[in-house]
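**Q** The structure that follows is given in the form of structure tokens.
Every read-out reported here was derived from the displayed coordinates using simple, explicitly stated rules and does not represent laboratory data. Here the structure is a predicted model, which means the values were calculated and not measured. With ideal geometry, Cβ positions are generated from the backbone for all residues, glycine too; neighbour counts draw on all protein chains shown.
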Amino acid sequence: MNDSSLWSLFRLEALAEHGLDAYLQEIAQQCALIFNASGSSIFLEGDSPGRFEVRGKSGHQSTVPTGAEITVGNGVAGQVAATGSPRLLGLLNDEPELADLRSLSANKIKSSMVVPITEPQGDVIGVLNLSRGFSEPAFQYEELEQATALDTHVGLAVANAHLMESLRRNVFEARVAGEKLQAVLDAVGSAVIVFDENRQTIEMNAAAEAYISGEGRSWDESSGVTPVLSCAVAKVIEAEDPGSVRAHDQESDRSWVVQGVPVGSGGCVVTVLEVTEFERAQREADRLARLAEIGQMSATIAHEVRNPLTGIRSAAQMIRQDPEMGKEFLGIIEEEAVRLDKLCEGFLSMARPINLQRSNGNLGESVSRSVTLLQSTYDEKGVTLIAELGSCPNMNLDFDTVEQVVHNLLLNALQACEPGGTVRASVAGGALVVEDDGVGMDDEVVANMFTPFFTTKSNGTGLGMSNVRRIVEAHGGDIDVSSEPKRGTIIRVIFDRSQV
Ligand code: ADP
Ligand code: MG
């Protein structure tokens with residue numbers, strides 16, 4: 001037996017380079033050399049319990065077929081695997097119990113040693129099978145002892161091999177996971193930078209690289225980042241609860257949102273998303289919306305102003321033609337001037353912010369005052385107005401504006417009704433409900449009814465409901481509309497959510 005070749009069992013180069021099977025193959029070869037065996041094979045525990053499969057073989061007489069198996073407990077090798085005791089076998093052909101070994105090696109062997117391979121913990125994890133042919137001397141007992149002494153070495157080498165293999169697998173998996181993560185990070189549109197607990201950059205994706213020009217991979221002005229952005233990133237990294245910061249660089253008119261998420265180890269993951277284009281688009285959209293509003297308003301103003309002006313002009317013409325009629329037509333001029341004045345007042349009130357004068361009062365009383373004021377108008381059209389004023393607690397509201405709301409709602413309800421219709425105004429639990437059985441509204445009208453100047457009436461101003469919304473919003477309230485064409489409308493108003 002050659003001692004230096006024993007050490008070769010612990011050489012892990014084959015394993016590191018070619019994997020466990022190449023390594024086992026080398027062990028089989030070394031064992032064949034050490035014991036002058038013409039056949040050497042290693043069987044190792046496989047995936048299925050109780051079965052050992054051939055993993056390495058060597059020697060010119062080794063005819064063990066690939067995929068050969070040993071079942072623990074069966075045959076000589078199976079007995080060795082089950083008991084952990086080595087066996088020395090003589091003239092195999094003469095020993096009928098060795099049929100399994102003969103079948104594994106195609107009847108060519110004469111003498112053989114079967115040695116268990118034992119793990120450092122003592123478990124049998126495989127079997128080493130060494131054989132010599134007819135022309136060679138049979139194995140001796142001392143050789144069996146040497147082989148048995150070798151068994152833990154081989155077991156250790158296999159355990160090493162297993163460790164090495166799982167290490168290789170882990171390294172490989174870690175690398176694959178790392179590559180996957182990098183691919184995901186690179187696919188993300190925003191820049192992602194990982195800082196360690198010392199605020200040093202340790203990782204970044206492709207988008208972040210774009211911010212870092214030059215050397216040093218540091219996140220500061222010298223790396224090409226604008227001062228505003230590097231300042232925002234510093235703020236996020238330094239913050240105890242990072243959150244997000246918006247940065248705007250006036251010089252280049254660029255904006256970013258910088259967001260930080262702390263990591264357990266004390267570092268921080270920072271994402272930087274440039275929102276310059278988004279903000280520009282937003283500003284452009286706002287500008288277009290304002291232009292559209294101004295356009296709509298100008299059209300309304302032009303329309304509303306032209307009617308009274310036409311009236312005034314024709315009245316003036318009539319007076320010029322026949323000064324006798326001056327008295328009558330001056331009245332018209334005066335009326336139209338008043339209409340223009342009201343119109344201006346309406347426009348101005350739209351633009352004016354509401355300054356609420358709250359006082360302690362009762363919503364029911366406001367409703368009953370509006371009902372009294374409008375009663376004769378309802379009677380003229382033949383529409384019934386029912387007021388149901390249940391008990392209502394006193395509230396702190398601006399009751400002048402509250403009455404404007406009630407008045408507008410009752411007027412719209414009246415205008416929606418045919419003669420014979422009914423409007424019900426009720427107050428309960430701090431909420432006002434106005435219900436009519438008039439023309440109702442489709443979804444489009446409901447969606448637009450609060451827009452200034454939106455009206456479906458030939459003589460409407462379209463300012464009533466937008467004023468209602470302004471007043472209710474100023475109080476901190478809500479308006480709920482449910483309506484069905486030809487069936488009617490229910491409008492529910494809570495003036496101040498905090499008081500109901
Ligand atoms: P105006 O009454 O001058 O038309 P409003 O702002 O008061 O303006 O109302 C806007 C539009 O909402 C009305 O033109 C009408 O189409 C619709 N509307 C409001 N209240 C009702 C209602 N109770 N029933 C049906 N339609 C309504
Ligand atoms: Mg109205």
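**Q** Return the long-range amide H neighbours of Leu463 (sequence gap of 5 or more, or a different chain), with a cut-off of under 5 Å between placed amide H atoms.
**A** Phe453
**Q** Give me the one-decimal nm value for the distance between modelled label points at Asp47 and Asp341, 7 Å along each residue's Cα-to-Cβ direction.
**A** With each label point 7 Å from Cα toward Cβ, the separation is 9.7 nm.
**Q** Continuing with the same structure: When a/c reaches 1.5 or more, the comparison of a/b and b/c decides; with that in mind, is region 359-499 rounded, prolate or oblate per its Cα gyration tensor? Let's see the in-between values first.
**A** Details: a/c = 1.72, a/b = 1.25, b/c = 1.37.
Note, shape of region 359-499 comes out oblate.
**Q** Could you give me the ³J(HN,Hα) list for region 148-164, computed from phi with Karplus coefficients 6.51, -1.76, 1.60 and θ = phi - 60°, whole Hz, x at Gly and Pro?
**A** 5, 5, 7, 4, 5, 5, 5, x, 5, 4, 5, 4, 4, 4, 4, 4, 4
**Q** While we're here: If each residue's Cβ is checked for other Cβ atoms within 10 Å, how do His162, His475, His303 rank with the fewest at the top?
**A** Final ranking by Cβ density, sparse to dense: His303, His162, His475.
**Q** Give the order of Ile294, Ile125 when sorted by the count of other beta carbons within 10 angstrom, beginning with the fewest.
**A** Ile294, Ile125
**Q** Please give the FRET efficiency for Ala187 paired with Ser391, using the beta carbon to beta carbon distance and R0 = 56 Å, rounded to the nearest 0.05.
**A** Result of the calculation: an efficiency of 0.30.
**Q** Quick check: residue separation of Arg199 and Ala351 times 0.36 nm, minus the Cα distance between them. What number comes out in nm? Please report the intermediate quantities before stating the final value.
**A** Numbers: separation 152, 0.36 × 152 = 54.72 nm, distance 5.11 nm.
Length gained between Arg199 and Ala351: 49.6 nm.
**Q** Tell me, what HN-Hα J-couplings in whole Hz come from the Karplus equation 6.51 cos²θ - 1.76 cosθ + 1.60 at θ = phi - 60° for each residue of region 247-259, using x for Gly and Pro?
**A** Result, ordered by residue: 10, 10, 9, 5, 4, 9, 6, 10, 10, 9, 10, 10, 10 Hz.
**Q** Could you go through region 410-425 in sequence order and give the Karplus-derived ³J(HN,Hα) for each residue, using 6.51 cos²θ - 1.76 cosθ + 1.60 with θ = phi - 60°, rounded to whole Hz, and x for Gly and Pro?
**A** 5, 5, 4, 4, 4, 5, 7, 8, 7, x, x, x, 10, 10, 10, 10
**Q** When only C-alpha pairs under 8 Å and at least 6 residues apart count, what is the relative contact order of the chain, in percent?
**A** 7
**Q** List the residues whose amide H sits under 5 Å from the amide H of Ala428, counting only those 5 or more places along or on another chain, with H placed 1.01 Å from N in the peptide plane.
**A** Excluding prolines and chain starts, which carry no amide H, the hits are Val433.
**Q** Now a separate question. For the chain, what is the percent of antiparallel DSSP beta bridges, rounded to the nearest 5?
**A** Taking every DSSP beta bridge with both residues in the chain, the antiparallel ones total about 90 percent.
**Q** Tally Lys and Arg at +1 and Asp and Glu at -1 over the other residues with C-beta under 15 Å from the C-beta of Glu279: what net charge comes out? Before the final figure, lay out the partial values.
**A** Working: positive: Arg246, Arg254, Arg280, Arg283, Arg287; negative: Asp249, Asp253, Glu274, Glu277, Glu284, Asp286.
Counting the neighbours of Glu279, the net charge comes to -1.
**Q** Right, next: Using DSSP to call loops (not H, G, I, E or B), can you name the trypsin sites (Lys or Arg not before Pro) in region 432-500 whose Cβ has at most 16 other Cβ atoms within 10 angstrom?
**A** Passing both the DSSP loop test and the Cβ count: Lys457, Lys486, Arg487.
**Q** Expressed as a whole number of Å, what is the distance separating the alpha-carbon centroids of region 473-500 and region 323-356?
**A** Each part reduced to its Cα centre gives a spacing of 31 Å.
**Q** Between Ser252 and Gln321, what length comes free when the chain is fully extended (0.36 nm per residue of separation minus the Cα-Cα distance, one decimal in nm)?
**A** Working: separation 69, 0.36 × 69 = 24.84 nm, distance 6.78 nm.
Between Ser252 and Gln321, full extension yields an extra 18.1 nm.
**Q** Also, quick follow-up: Points 7 angstrom from Cα along the Cβ direction at Ala281 and Glu119: gap in nanometres?
**A** According to this spin-label approximation, the distance is 6.0 nm.
**Q** Need one number: nm distance between label points at Met164 and Glu142, each 7 Å from Cα along Cα→Cβ, rounded to one decimal.
**A** 3.2
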